[in-house]
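Participant: This is the structure I have questions about; it appears just below.
The values are calculated or read from the model by the stated rules, or taken from the named source; none is laboratory data. Source: prediction; values computed, not measured. Cβ placement follows ideal geometry from the backbone for every residue including glycine, while neighbour counts extend to all protein chains displayed. Just the protein is used for accessible areas: all its heavy atoms, side chains included, with ligands, DNA and RNA removed. Shrake-Rupley method; radii C 1.70, N 1.55, O 1.52, S 1.80 Å.
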Amino acid sequence: MGVTQLLFWFLSLLALISALLVISSKNPVYSVLWLIMVFFSISGHYILLNAQFLAVVNIIIYAGAIMVLFLYVLMLMDLKKETEPQKKRWVKLAGAVAGGSLLLVLVAALKKADLATSMTQTREGDIGLIENLGKLLFSEYVVPFEISSILFLSAMIGAVVIGKKEQPPKSPEGGL
Amino acid sequence: MQNSLQIAWLVPFFPLLGFLIIGLGRKYLSKSLTGVIGSGTVFLSLLVSVWIFFLVKNENVHVAAYFNFISVDKLVIPFAFQVDALSSLFLLIITGVGFLIHVYSVSYMQQEAKEHFARYFSYLNLFIFSMLLLVMGSNFVILFIGWEGVGLCSYLLIGYWFKDNGNNYAARKAFIMNRIGDLAFLVAIFWIISKTGAVNFNEVFAVAQGQVEGKSFSANDITIITLLLFFGACGKSAQIPLYTWLPDAMAGPTPVSALIHAATMVTAGIYMIARCNILYSMSDVTQDIIMIIGLATAILAATIALKQNDIKKILAYSTVSQLGYMFLALGVGAYSAAVFHVMTHAFFKALLFLGSGSVIHAMNGEQDIRNMGGLSKKLKITYFTFLIGCLAIAGIPPFSGFFSKDAILLSVFEKNPVIYAIALSGALLTAFYMFRLLFTTFYGSFRGTEEQKSHLHESPVAMTIPLIILAVLSILGGIVGIPEVFMHNGEKLKVFLSPVIAVSTEHSVSHSTEYLLMGLSTGLVLVAILFAWNKYRNYKKITEKGFGKLLENKWYVDELYDKLVVNPILKFAGFLNNVFEKQVVEGLVNGVGRFVNYSSRQFRLMQSGQVGNYVLLMVVSILLLLVFQFYLKK
Amino acid sequence: MPINYYIFLSLALFCIGMVGVLTRRNAIIVFMCIELMLNAVNLLLVAFSKMHHLKNAVANASAGGDGQLFVFFIMVVAAAEVSVGLAIIVMLYRNVRSVDINFLNRLKH
């Protein structure tokens, strides 16, 4: 087993265990932390695949911004482990069974796919470098790039509007 | 037109037109107009019938086909009329007597309101139409259409005064008993179709005589078909066991009783058997059965008539009895004698009924002869014509009844002297009860109320003229059937009918025996009349006991039927209504509604508003989709 | 690494995220599990892009770039979506004083 394989298995195991812990932690803050762990392991996978730009972006955006946002909101709620509402046991069981069967079905279906044994290029390949990605982004995909900026704008406005506290209704002045 | 008899369609057309006009316009036409239209249409049919009769007499026989009534694969049933000797004779009887009764009815039903008066005449016209269809049909199906039609009109007319529930029950009884016979008739038709693939008389008779390649009747076939047809005739012509409807049918107006239950509908059975005489001659078993049933009916009805007290009921049982004689004739193979008796019976029975109608009219609705008496002084024409009718039915020469009844008795004697003896005794009973009726009603002193006595009057002209005409026919009607012993070539009717009814070989009885029989019957009848005269000319009311009571209660046959048949069926119907209908059927139907309600309530719970449930459902659905996509779609 | 392995890994992560969505009642945790699912998809996309690059690097130098740029855009959208979603959750908390998703059925009334 080469270093690559070893790293792959280690990172996969890490990701899976962290994900399981995310969904099963009672304390929501713990769930957030374990999710960050997942992101880190996935970034590890990216580095293994030599997708350097994405690895870093993943950490910055997901682990750095989105998870922090989650933590802020959690802190705002001030949730404690004891008051955390739990679903009924049979519902949890049903959910687990459903998810599990989905996994089984998909795995069984895709096992026989033609591409199954094609190799991915690990540790090498220029495509993951920021220079090449940037070239591709600003030549072919420049329109989606610009539109995504508009998307951000609308998201910002939306978030602000939704989050505003309601003003008490003004008393009407002079008839109507 | 290829044959002038093609206009035979006119004969039933006129009464049909009359039915439509009067029926649809019953609220608008005046009574006199209704009467004119109603009688006029039958008169026109009579004229065409006379014309047809003369054409047929000159050897012009024709099957007038018009269109195909049913045309399915190999079965083609044409709407066609068979114009030959037998049907033209019946046409004359139906339209002739029918016309007279229509005229009579105009006066008899005067009391009715305008639209009821019109209703009566529309039904009567419809009846004539159906009866004409019956005798003119060239195949079993058209005959059956007419058969059903007369059953329907009989129901409508018996229950004419529908406000009285008793009349409705009588009408229903008549219809249902008819229907039982009709079922047998239908089965016979199906049997014929399955064996021959055709229903036309000519074709069926050809097959029966073995003239058609590939198709034939076995002996069993013939017996079964003839028995079934005969059972149908039992229902229509009131033989044992389906005769109890006829006396009850007297609930209808008297002209209806005269037309339907004396002259025409009840003779439909005789017509049908006479038409199928080829089939019946081939089956000895059926003929014996017909003979026995006819004889039994004749005697049974005669005994019951001895002790009845309602004028119309006596005549009703008399009709049943005379029909028994006609069937007796058919049973011994004397088809033309039976038809002859149909003709003469139509004359004198219609006469008797119309006469009784005249009496009832004079007595202002009274029908019990125990409350009558001495009417001969006030109702002269009625009395005289009634007397003629009684003489005819008793069989006194030279009235028509003598010749027809004698023809029957002679044929019966040739077959079996014992049966002849029983039939002769029946004839004596006939004479006895008829003259009992005559004497009780018209002789002696009046036994009714004073008010009735003051109202006694002779009937108006419209009622007495038909009486007179019928009386004349009753006297002269025998001319067409004078036997060999009296006049050479006197059997005109037999000769006339010979294309349809094969003439058998000469009589096996010598002339002297014939004279002896005639003399015997006439003499005994006269004795019976004298006996009746002695007993009833000064009638006193008595209560019946013992055997008389049995006869008065009609041998309790109605009660027997009620117990055996009617009540079980009613109980069964009640069961079906209360248990089956209410619980099973309605439960099922309501159950569907309740089930839909319930399931919709259950489905509504799916819209719980719980996000978690929705997501779960989504996942499950996607799962199922994937499974389906990858594994089940090969 | 055969692509198979990445497919299975990604599927496992995706289904774990799915189970999390079905099982948890806290709206925020549910949201996080959705992010987990998105990440699983991202991983798979990057793996496929590398596979394509391996196959086609001779003919086209930037053969697998589409996959990685797609991941880039997914991240963009995820960020926007998180901000708006969390704003909604905060609104919900303000009105109901709880982030239990079962309380969303009040929208029905």
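Participant: Assuming a viscosity of 1.567 mPa s and a temperature of 4 °C, what translational diffusion coefficient in µm² per second does Stokes-Einstein assign to region B:310-455, Rh being the Kirkwood radius over Cα pairs?
Facilitator: Roughly 82 µm²/s, to the nearest whole number.
Participant: Further question on the same structure: Please give the average number of partner chain Cβ atoms lying within 10 Å of the Cβ of each residue in A:90-100, rounded to a whole number. Intermediate values should be presented prior to the final figure.
Facilitator: Numbers: counts 0, 7, 5, 1, 7, 11, 5, 3, 13, 13, 4.
Partner Cβ neighbours, averaged per residue: 6.
Participant: Name the residues of region C:72-100 whose amide N is less than 11 Å from a point 7 angstrom out from the Cα of A:Leu69 along the C-beta direction?
Facilitator: Within reach of a label on A:Leu69, which here means backbone N under 11 Å from a point 7 Å along Cα→Cβ, region C:72-100 contributes C:76-88.
Participant: Could you give the size of the charge dipole of the protein assembly as shown about its Cα centre, using +1 on the Cβ of each K and R and -1 on the Cβ of each D and E, expressed in debye and rounded to the nearest 20?
Facilitator: Dipole size: approximately 2500 debye.
Participant: If you don't mind, there's one more thing I want to ask. Compute from the Cα atoms of region B:241-363 the Rg and the Dmax, the latter being the longest Cα-Cα distance, and quote both in angstrom.
Facilitator: 14.7, 52
Participant: Report the net charge of residues surrounding B:Ala528, where surrounding means a beta-carbon distance below 13 angstrom and charges are Lys +1, Arg +1, Asp -1, Glu -1.
Facilitator: +2
Participant: For chain B, what % of the accessible area comes from carbon and sulfur atoms, probe 1.4 Å?
Facilitator: That share works out to 67 percent.
Participant: Could you check the spin-label model distance between B:Val76 and B:Leu570? Points 7 Å from the Cα along Cα→Cβ, value in nm.
Facilitator: Inter-label distance under the simple model: 5.1 nm.
Participant: I'd like the Karplus ³J(HN,Hα) series for region B:47-57: coefficients 6.51, -1.76, 1.60, θ = phi - 60°, whole numbers in Hz, and an x wherever there's a Gly or Pro.
Facilitator: Here the 3J(HN,Hα) series is 4, 5, 4, 4, 4, 4, 4, 5, 5, 5, 4 Hz.
Participant: While we're here: So if R0 is 30 Å, what FRET efficiency would B:Tyr169 and B:Phe67 give, r being the distance between their Cβ atoms, rounded to the nearest 0.05?
Facilitator: Taking R0 as 30 Å, the efficiency between B:Tyr169 and B:Phe67 is 0.15.
Participant: Only Lys, Arg, Asp and Glu count, each charged at its Cβ (+1, +1, -1, -1), so figure out the dipole size of region B:149-306 about its Cα centre, rounded to 20 debye.
Facilitator: Dipole of region B:149-306, to the nearest 20 debye: 360 debye.
Participant: Could you please state how large a percent of the accessible area of region C:16-109 is carbon and sulfur, counting protein chains only and using a 1.4 Å probe?
Facilitator: After summing per-atom areas, the C and S share lands at 66 percent.
Participant: Also, quick follow-up: Roughly how much of B:Leu100 is accessible, in Å² to the nearest 10, using a 1.4 Å probe?
Facilitator: Only protein atoms counted, so the area is about 20 Å².
Participant: OK, next. What does the charge count around B:Pro247 come to, taking other residues whose C-beta lies under 11 Å from its C-beta (Lys +1, Arg +1, Asp -1, Glu -1)?
Facilitator: +1
Participant: Using +1 at the C-beta of Lys and Arg and -1 at the C-beta of Asp and Glu, which of B:Ala338, A:Gly125, B:Ala249 has the Cα lying farthest in the positive direction of the dipole of the protein assembly as shown?
Facilitator: My answer, from the dipole projection, is A:Gly125.
Participant: Just A:Leu137, A:Leu106, A:Leu129 to compare: in a GNM of chain A, with alpha carbon springs under 10 Å, which one fluctuates most?
Facilitator: Among A:Leu137, A:Leu106, A:Leu129, the largest GNM mean-square fluctuation belongs to A:Leu106.
Participant: Give the average, rounded to an integer, of partner chain Cβ atoms located within 10 angstrom of each Cβ in C:32-41.
Facilitator: The shielding value for this peptide is 5.
Participant: Next up: How many nm is it between the label spots at B:Arg179 and A:Asp78, if each spot is 7 Å from the Cα in line with the beta carbon?
Facilitator: 8.9
Participant: Give the distance, in whole Å, between the Cα centre of region B:284-356 and the Cα centre of region B:226-266.
Facilitator: So the separation of the two Cα centres works out to 11 Å.
Participant: Which order do you get for C:Glu35, C:Glu81 if you rank them by accessible area with a 1.4 Å probe, largest at the top?
Facilitator: Correct descending sequence by accessible area is C:Glu81, C:Glu35.
Participant: When all alpha-carbon pairs of region B:1-71 are counted, what percent fall beyond 18 Å?
Facilitator: 51
Participant: When the helices in chain A are scored as -39500 (n - 2.57) per DSSP H run of 4 or longer and the sum is shared across all residues, what 222 nm value do you end up with, to the nearest 500 deg cm²/dmol?
Facilitator: Using -39500 (n - 2.57) per qualifying helix, the result is -22000 deg cm²/dmol.
Participant: May I pose another question? Using a 1.4 angstrom probe and counting only protein chains, how large is the accessible area of B:Phe575 in Å², to 10?
Facilitator: In the full protein context, B:Phe575 sits at about 100 Å².
Participant: Ok, one more. Over region B:1-154, give the accessible area per residue in Å² for a 1.4 Å probe, as an integer.
Facilitator: About 38 Å² of surface per residue is accessible.
Participant: Among B:177-187, B:287-297, how do they line up from the highest to the lowest mean number of other beta-carbon atoms within 10 Å?
Facilitator: B:287-297, B:177-187
Participant: Just to make sure I understand: if all protein chains stay in place, what is the order of B:Tyr614, C:Tyr6, B:Tyr561 by accessible area at 1.4 Å, largest first? Walk me through the intermediate numbers first.
Facilitator: On the way: B:Tyr614 85, C:Tyr6 0, B:Tyr561 55 Å².
The ranking, largest first, comes out as B:Tyr614, B:Tyr561, C:Tyr6.
Participant: Work from the charge dipole of region B:354-512 (Cβ charges, +1 for Lys and Arg, -1 for Asp and Glu, about the Cα centre) and give the residue of B:Pro460, B:Leu473, B:Phe413 farthest towards its positive end.
Facilitator: The residue sitting most towards the positive pole is B:Pro460.
Participant: To the nearest 10 Å², what's B:Arg601's accessible area with a 1.4 Å probe?
Facilitator: Roll a 1.4 Å probe over it and B:Arg601 shows about 130 Å².
Participant: Follow-up. Among B:Lys236/B:Lys554; B:Lys114/B:Lys173; B:Lys307/B:Lys494; B:Lys31/B:Lys163, which pairs are too far apart, with a Cα-Cα distance over 26 Å?
Facilitator: B:Lys114/B:Lys173; B:Lys307/B:Lys494
Participant: Given springs between every Cα pair under 10 Å in a Gaussian network model of chain A, which of A:Gly100, A:Gly134, A:Gly44 has the largest fluctuation?
Facilitator: In the Gaussian network model the winner is A:Gly100.
Participant: In nm, give the distance between the simple-model label positions of C:Tyr5 and B:Lys378, each being 7 Å from the Cα along the Cα-to-Cβ direction.
Facilitator: In this crude label model, C:Tyr5 to B:Lys378 measures out at 13.1 nm.
Participant: Also, I was wondering about something else. If you take the accessible area of C alone, add that of A alone, and subtract the area of the pair, what total do you get in Å², probe 1.4 Å, to the nearest 100?
Facilitator: The contact between A and C buries close to 7100 Å².
Participant: I need the P(r) histogram for the protein assembly as shown: all alpha carbon pairs, bin width 10 Å from 0 out to the longest distance, whole percents.
Facilitator: Computed distribution, short to long bins: 2, 10, 15, 14, 9, 4, 2, 3, 5, 9, 10, 8, 5, 2, 0.
Participant: State the extension gain, in nm to one decimal, for the chain segment bounded by A:Arg89 and A:Phe10, taking 0.36 nm per residue of separation less the distance between their alpha-carbons.
Facilitator: Value of the extension gain: 25.2 nm.
Participant: Based on the Cβ-Cβ distance of B:Leu626 and B:Phe603, what FRET efficiency does E = 1/(1 + (r/R0)^6) give at R0 = 22 Å, to the nearest 0.05? All intermediate terms of the calculation are to be shown ahead of the outcome.
Facilitator: Values: r = 25 Å, r/R0 = 1.14.
It comes out at approximately 0.30.
Participant: Ranked from the most accessible area to the least, with a 1.4 Å probe and all protein chains present, what is the order of A:Trp9, B:Trp245?
Facilitator: Ranking A:Trp9, B:Trp245 by accessible area, largest first, yields A:Trp9, B:Trp245.
Participant: Right, next: Determine the sum of side-chain charges near B:Ala274: Lys and Arg each +1, Asp and Glu each -1, restricted to other residues whose C-beta is under 14 angstrom from that of B:Ala274.
Facilitator: +2
Participant: Taking the alpha-carbon set of region A:1-69, what are its Rg and Dmax in Å?
Facilitator: 12.7, 40
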